[in-house]
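Here's the structure, in structure tokens; my notes come after.
The values are calculated or read from the model by the stated rules, or taken from the named source; none is laboratory data. Since we're looking at a predicted model, the values are computed, not measured. Note: ideal-geometry Cβ built from the backbone for every residue, glycine included; neighbour counts use all protein chains shown.
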Amino acid sequence: MPIDVPTPNPYLDEIADRLWSNNAAVMVGAGFSRNAKPVGPTSASFPSWQELGDRFFKRLHGRDPCEGARYLNILKLAEQVEAAFGRPALNKLLRDAIPDSRYEPSPLHSQLLSLPWKDVFTTNYDTLLERARASVTLKNYDVVTTKEDLLYANQPRIMKLHGSFPSPPFVITEEDYRCYPNDHAPFVNTVRQSLLENTLCLVGFSGDDPNFLQWIGWIRDHVGRESIPKIYLVGVFNKLGEADRRLLDRRGIVVVDLSIFSQDPKNALDKFLNFLKSRKTRALDWPIVSPDAPSCTQVSGRKEYREIVTEWRRQRGEYPGWVVVPKDRRQWLWLHTQDWLLGLDQMSLEDGSWETPLDLNLAFELTWRLDRCLFPLIEKLPSFLENVAKKYSNRTLQLPENTHWTRTSVFEAVANIRLWLLRYYREDGLDEQWKKVRQTIEDDFERLLPKHRASFRLEEALQALFRFNPDEAKRLLVDDWQSNNNLPFWEAKRAALMAELGEVAAARSILEASLSAIRQQLSLNPIADDYTLVSQESTVMLLLWAVELSMNMTKGNLKNSNVLSKNVLIEMSERWNSLALYKCDTRQEIELLSARLQHSEASWRPESKTHSFDLGRVSQTLHFGLNEEEVTAYNMLRMYEDFGMPYRIRHTSFVKAEVESTLPKMRLCSRHWVLVNIVRLGNAKANDRLFDREYLSGLSLEDVDRLFEIYLPAFKRTIAMVNEPNLSKAKNFELLAKTLPDIFSRLCYKCSPAYREHLVALLRAIYSSKPERRTMFADVNKFTRRLFHSMSTNERALAVSSLVDFPVPDHLGEIEKHIFVNPMLRIFLPRSLRKEEISITEERIDKLLDQPAPTKEDRDWIMTSLVRLHEWGKLNQRQSNRLGELLWDGVEIPEIPIITGCYRFRCIELPYPEEFDPETLVREYLRSLFSEQMRGKQSPGSPMDEVLGELRQSAEIIRWPKAEALELIARFSGWWDRHKSYLRDCTSTPLGLVNMTKQTIQKAVHALSEVFLHLPPDNNDERVSPVRKLLTELAEHNIPAKVLDAAILSKVTEVRKELLEQVAEALLHNDREIVVDALLATGVLARKLAKEESLSEFAPVAMVLVQGVQWRHRPALAHRLFMVADLVTKQGWFLSPMAPTGLLAGLEQIVEETSSGVKGNDEGGLITIRATAAYLAFTLSECYKKSGLDEPKAIQRWREVCSDPNEFSDVKNSWPVVGSQNVS
């Protein structure tokens, strides 16, 4: 509590305010040392200046001075001692006269140092202040005795201006003082700078103290008589004469007489220091809860809420004005709010029974606190606020007489409530509600306070950004904004958003002006208990730093830009460190909340289980309340918005890691805001944080269609604006162009077919974009691939018609050619599809055949479309012949045609002129390319994958002579000999090279197995001995190769039996690679044994294969399901009487096991398993249909799954007939 003074000195409050605003320093004189505690009863007292003069006199004259003698110049006496006896004698005289070691610091010393002085200066030689530091635990003072110490000392400092025991020099003679400003210039400059920045208090000095007089003279000389700030001389001065007071006043010295406290100097200083301590601001401890405040545990009705809102109103009135409440205070505020919020769940907020003005008090005070806590409006609150705002916007409403509310304050409260609602509706994407509230504010716009007007206009700009219309947001901020220089902080927030939208130079200018205006206001107002300006200053500094950094990064010199930004940050850090005293370090608040966010990765659950050390004992804990992860993530985003922090300026991102970490935590509660954040980050990769398979699995068709309704117009607008002639306007939509294609490529797996048709039209618009604007779109290739993959067979067939005349993008670079591919390459249709289902006339095909192709790119595009149409049976004989002529036109043997997006061997299946032998040409091409690749070194991006893919896919078409097939083996064996060392010593080989070598080996094994599978039967096992030698070495290096072993199936019974047993055993292995190889071997064996009519040998393998499905053997389960479906389709004999029972049992279990639990992007493979299981169910259904048998229950369940509109299209399309029926 403040000290009760009889006649308060008017300057005490000013000193206290400056002290607790961290703008006060103190200079301690010799008189303060007289308060020290002697260590024994015989300790001599500290001398006064007069007593010190007596010692000098006696040393000079050998006798005591006359009684009552006074010295005109003690400093001259000291100089005479030095002249007579030398400097060492003078120094010894000082050490003997001042009993430093025989005294300990008094409580006054500790009290003085415990106060928040910016610096403590002292002219004393004793070490009392240094030793008093040990009793002050909350502050750390660096001691400065030399100018070298000054270089490394941090504030607060104890600066020994005249030296310090025991080591000289000591400033004492007249000459010392004359030379001091030059010899100790750093000390003089430090005191001068402190005086310019702070209030200086002098304690322990008298009016005629030589130190006091000298320092005042130096300060006047260096600062100037007119510019010298107030200096407070503090002590008991009731005997100071009027003339002396006037003289001091002329020198800028304000005498603060402590005789109002006590006539005793020690007692007066004690009360003075206690007075300063008592004036410590309570703002840093806000909110202070009253002892008689009601507790939420006592709530029985509305009476307690009536009492608590009164307490809340008092606390709000004491709010220090932080832009964002500091972490510790925010937690304290939430601690005293959350229970009251949860208590409202037990009470009705919507029945209108809350009396006037309790409902307004509750609505305003509770929402204000939630806003300060960075907490969202939840459950019943929005509708309650709507009702309150509507009720109190009625000007005829009569207010009770005994209320603090006035018409004006009610209007302001309603304006605040509506602004809070606007923010809530914007965050949740509730567009219609937002528009209604916006209109009510607009109707009363002229009556709003200036700060409410600025908040409203900024809210409109943010809403435009949240509706994916950056051009509108920029217009509101730049063209329509009415600047108000009296609201520099709102101008700064506006500028930061402008910078994010590309107006960087203008934003910097506004931010600089805002920071200057805030600092100018700050210089006119002491901080005291109001931190509004220092908090705003801290925030605007951060915004300005962000803009400066982005501008430096844009200049192109990354090294220099990093140095510049670092220098700016260092300069600002000094100020931020000062502002941290008021808990106004914006950076620190962001870092604290970010750290909390990063360490809350474990998903919050309403209950948790802990396994005890005692076996079988499990304890269960129920967690009541709110999802802490969601709340923390929301806090982070709200903090950024309250600070006005831009997400990204040009190509520099400031909040990427923090915002991305909020996405998975908030995607269930704030889906719209999460999507907006992805777009603002401009990082399509962040889509995995929201629209991964796990998240989409929880959305229904209706949910996704609703998202399309909201975001599809934004996608259309983006494509249109990207092609806007004005490049500046086009760039406003660049972030949208980079993120929206990937978003829609994910959503299309769950939307209605009609929306996929819209996306095809938008894809056409993207392909039609100007060459220089196409690069603004990201992931177009992925968007195209996923769009057509998500379609059912019927949808794809219907889409062909619109793709035939798809625009050919011109001026494509090498990279763009792989992005803007002909969409016909993304259409995959089953061979069973009737050509009539593709709606395209012969006339359109003729037009395509006759279409001019001025460039190679145009020709490739047309050829690709015609080849696809030929594959689907849409070309008649005349058109097919014409296609053959065009394909082989200009081709000279041994060349073969290149068809974009197709393997080279495809020309064998396409029409060709009689003079060409495509099969021979392709075979020679593949032999040559394979030999070339096998001679070369393994490297990323080589054509190795191309030739191995060609070999594998062409094996059914090209009949390789055995000699040439063995030549391929020989070439691969040579390559293997050169590369197998990579696998032998994995520790010394880069991991990437090891993995790449393994992948190449596996692909080569698969390709060669297909080649040998289709060779004619040969009873001579000796001819394939090189293959067996290779297989032995592969096995030694743990490379699974049963598929190649199966392709050269021996005629020797024992060898065949051993291989079949090994394959059956491998099918049950836990290593995925071994299982996949065994499954491929199973397919090869089935075909081989079917040709040889040795089906009985396959029975053990078939049984294990079926058991793997029945028991859902997890390694490669999707591959297993697909292999079974392939065998059912192509090898009718595979289904033994017992097989369907096991398969049906497994399928029925898979329905349940894959219906939930998807993690991330199908990390556990549940959706993949579900899709392949659906395909197996479909193949079994076809078998039952052909046999005229009734469909089992398990198959019916899968039919229902694939008919479910809420299912992923990957799964639905696995049942082609059902998938086609889904097309409206």
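Assigned to a helix (DSSP H, G or I) and of a type outside the set (Phe, Trp, Tyr) - does that describe any residue in the range 621-629?
Kept after step one, since they are assigned to a helix (DSSP H, G or I), are these residues of the range 621-629: 628-629.
So of that shortlist, the ones also of a type outside the set (Phe, Trp, Tyr) come out as 628-629.
Yes, that holds for at least one residue.
Within the range 725-738, can one find any residue that is free of Cβ contacts under 8 Å to residues at least 40 places away in the same chain and either in a helix (DSSP H, G or I) or surrounded by 16 or more Cβ atoms within 10 Å (Cβ to Cβ) (or both)?
Taking every residue of the range 725-738 in turn, at least one turns out to be free of Cβ contacts under 8 Å to residues at least 40 places away in the same chain and either in a helix (DSSP H, G or I) or surrounded by 16 or more Cβ atoms within 10 Å (Cβ to Cβ) (or both).
This table checks each residue for (1) crowded, with 17+ Cβ neighbours inside 10 Å; (2) modelled with pLDDT of 80 or more; (3) in a loop (DSSP other than H, G, I, E, B).
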position	(1), (2), (3)
Lys239	no, yes, yes
Ala243	no, yes, no
Val254	yes, yes, no
Ser262	no, yes, yes
Asn267	no, yes, no
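If I ask for residues that are buried (at least 16 other Cβ atoms within 10 Å of the Cβ) and either over 25 Å from Leu273 (Cα atoms) or of a type in the set (Asp, Glu) (or both), which ones from the range 100-115 would you list?
Correct list: Asp100 only.
Could you grab me the full set of residues in the range 379-405 that are in contact (Cβ under 8 Å) with a residue 24 or more places away in the chain, assigned to a loop (DSSP other than H, G, I, E, B) and of a type in the set (Lys, Arg)?
Correct list: Lys380 only.
Against the definition (over 26 Å from Leu501 (Cβ atoms) and free of Cβ contacts under 8 Å to residues at least 60 places away in the same chain), how does Glu757 come out, yes or no?
Considered against the rule, which asks whether it is over 26 Å from Leu501 (Cβ atoms) and free of Cβ contacts under 8 Å to residues at least 60 places away in the same chain, Glu757 comes out as yes.
Report yes if Asn189 is closer than 26 Å to Gln80 by Cβ and either at pLDDT 85 or above or assigned to a helix (DSSP H, G or I) (or both), otherwise no.
no
Among residues belonging to the range 1190-1215 that are charged (D, E, K, R) and surrounded by fewer than 22 Cβ atoms within 10 Å (Cβ to Cβ), point out the one that is farthest from Glu1152 (Cα to Cα).
Asp1190
From the list Ala78, Ala24, Ala30, pick out the single residue that is among the small types (Gly, Ala, Ser), outside the structural domain of Leu233 (by TED's automatic domain parsing) and crowded, with 20+ Cβ neighbours inside 10 Å.
Going through Ala78, Ala24, Ala30 in turn, the sole match is Ala78.
Does Thr408 count as among the β-branched types (Val, Ile, Thr), assigned to a helix (DSSP H, G or I), more than 25 Å from Lys303 (Cβ to Cβ) and out of contact with any Gly (no Cβ under 9 Å at 6 or more places or on another chain)?
Judged against the criteria, Thr408 is a match.
Of everything in the range 955-969, what is in a loop (DSSP other than H, G, I, E, B) and farther than 18 Å from His1006 by Cβ? Give them in sequence order.
Within the range 955-969, Arg959, Pro961 qualify.
Failed condition for Leu849, given (1) over 13 Å from His870 (Cα atoms); (2) in contact (Cβ under 8 Å) with a residue 24 or more places away in the chain, with all others met?
Going through (1) over 13 Å from His870 (Cα atoms); (2) in contact (Cβ under 8 Å) with a residue 24 or more places away in the chain one by one, Leu849 breaks only (1).
Checking Met944 against (1) modelled with pLDDT of 90 or more; (2) crowded, with 16+ Cβ neighbours inside 10 Å; (3) in contact with a helix residue (DSSP H, G or I) (Cβ under 6 Å, 6 or more places away or on another chain), which single condition isn't satisfied?
Checking Met944 against (1) modelled with pLDDT of 90 or more; (2) crowded, with 16+ Cβ neighbours inside 10 Å; (3) in contact with a helix residue (DSSP H, G or I) (Cβ under 6 Å, 6 or more places away or on another chain), the one that fails is (1).
Answer yes or no: is there a residue in the range 881-889 that is touching a helix residue (DSSP H, G or I) at 6+ places or on another chain (Cβ under 9 Å) and surrounded by fewer than 16 Cβ atoms within 10 Å (Cβ to Cβ). If you could, list the steps in order and put the result at the bottom.
Applying the first criterion (touching a helix residue (DSSP H, G or I) at 6+ places or on another chain (Cβ under 9 Å)) to the range 881-889 yields 882-883, 886-888.
Subsequent filtering for residues that are surrounded by fewer than 16 Cβ atoms within 10 Å (Cβ to Cβ) retains none.
Taking every residue of the range 881-889 in turn, none turns out to be touching a helix residue (DSSP H, G or I) at 6+ places or on another chain (Cβ under 9 Å) and surrounded by fewer than 16 Cβ atoms within 10 Å (Cβ to Cβ).
Out of the residues in the range 522-532 that are in contact (Cβ under 8 Å) with a residue 24 or more places away in the chain and not charged (D, E, K, R), state the one that is surrounded by the most Cβ atoms within 10 Å (Cβ to Cβ).
Start the filter on the range 522-532 by keeping residues that are in contact (Cβ under 8 Å) with a residue 24 or more places away in the chain, which leaves 526-532.
From what is left, the residues that are not charged (D, E, K, R) are 526-528, 531-532.
Numbers: Pro526: 15, Ile527: 23, Ala528: 16, Tyr531: 27, Thr532: 19.
Across the range 522-532, the extreme among qualifying residues is Tyr531.
Scan the range 416-438 for residues that are under 21 Å from Glu709 (Cβ atoms), part of a helix (DSSP H, G or I) and of a type in the set (D, E, K, R) and jot them down.
Result: Arg426, Glu427, Asp431, Glu432, Lys435, Lys436, Arg438.
From the list Gln433, Gln439, Gln463, exactly one residue is out of contact with any Phe, Trp or Tyr (no Cβ under 9 Å at 6 or more places or on another chain) and among the polar types (S, T, N, Q). Which is it?
Of the residues listed, the single one that is out of contact with any Phe, Trp or Tyr (no Cβ under 9 Å at 6 or more places or on another chain) and among the polar types (S, T, N, Q) is Gln439.
Taking the range 582-593 as the search range and keeping residues that are buried (at least 17 other Cβ atoms within 10 Å of the Cβ) and of a type outside the set (D, E, K, R), which one is nearest to Lys118 (Cα to Cα)?
Filtering the range 582-593 for residues that are buried (at least 17 other Cβ atoms within 10 Å of the Cβ) and of a type outside the set (D, E, K, R), the one nearest to Lys118 (Cα to Cα) comes out as Tyr582.
Can Gln346 be described as of a type outside the set (Ser, Thr, Tyr) and at pLDDT below 90? Let's see the steps before the verdict.
Working: of a type outside the set (Ser, Thr, Tyr): yes; at pLDDT below 90: yes.
When the stated conditions are applied, Gln346 passes them.
Consider only pairs whose beta carbons are under 8 Å apart and that are at least six residues apart or on different chains; among these, list those whose first residue lies in the range 94-105 and is hydroxyl-bearing (Ser, Thr, Tyr) and whose second residue is in a helix (DSSP H, G or I).
Listed pairs, sorted by first residue: Tyr103/Ser33; Tyr103/Leu128.
Only one of these conditions is not met by Thr42: (1) more than 29 Å from Leu200 (Cβ to Cβ); (2) hydroxyl-bearing (Ser, Thr, Tyr); (3) surrounded by 22 or more Cβ atoms within 10 Å (Cβ to Cβ). Which number is it?
(3)
Restricting the first residue to the range 1170-1195 and requiring it to be closer than 15 Å to Ser832 by Cβ, which pairs with a second residue that is assigned to a helix (DSSP H, G or I) meet a Cβ separation below 6 Å and a spacing of at least six or different chains?
Tyr1175/Ala1125; Thr1179/Ala1125; Thr1179/Val1128; Thr1179/Thr1129; Ser1181/Ile1195
Restricted to the range 830-847, and to residues that are in a helix (DSSP H, G or I) and in contact with a helix residue (DSSP H, G or I) (Cβ under 6 Å, 6 or more places away or on another chain), which residue is surrounded by the fewest Cβ atoms within 10 Å (Cβ to Cβ)?
Per the criteria, the residue is Glu837.
In the range 447-475, what residues are assigned to a helix (DSSP H, G or I), of a type in the set (A, V, I, L, M) and over 27 Å from the mean Cα position of the chain (by Cα)?
Going through the range 447-475, the residues assigned to a helix (DSSP H, G or I) turn out to be 447, 450-466, 470-475.
When the remaining residues are screened for being of a type in the set (A, V, I, L, M), the result is 454, 458, 461-462, 464-465, 473.
If the condition is that a residue be assigned to a helix (DSSP H, G or I), of a type in the set (A, V, I, L, M) and over 27 Å from the mean Cα position of the chain (by Cα), then Ala454 is the only one that fits.
Within the range 21-121, which helices (runs of 4 or more DSSP H) (wholly inside it) include 3 or more residues that are of a type outside the set (Asp, Glu), under 27 Å from Lys280 (Cβ atoms) and at pLDDT below 85?
Where helices (runs of 4 or more DSSP H) fall fully within the range 21-121, none carries at least 3 residues being of a type outside the set (Asp, Glu), under 27 Å from Lys280 (Cβ atoms) and at pLDDT below 85.
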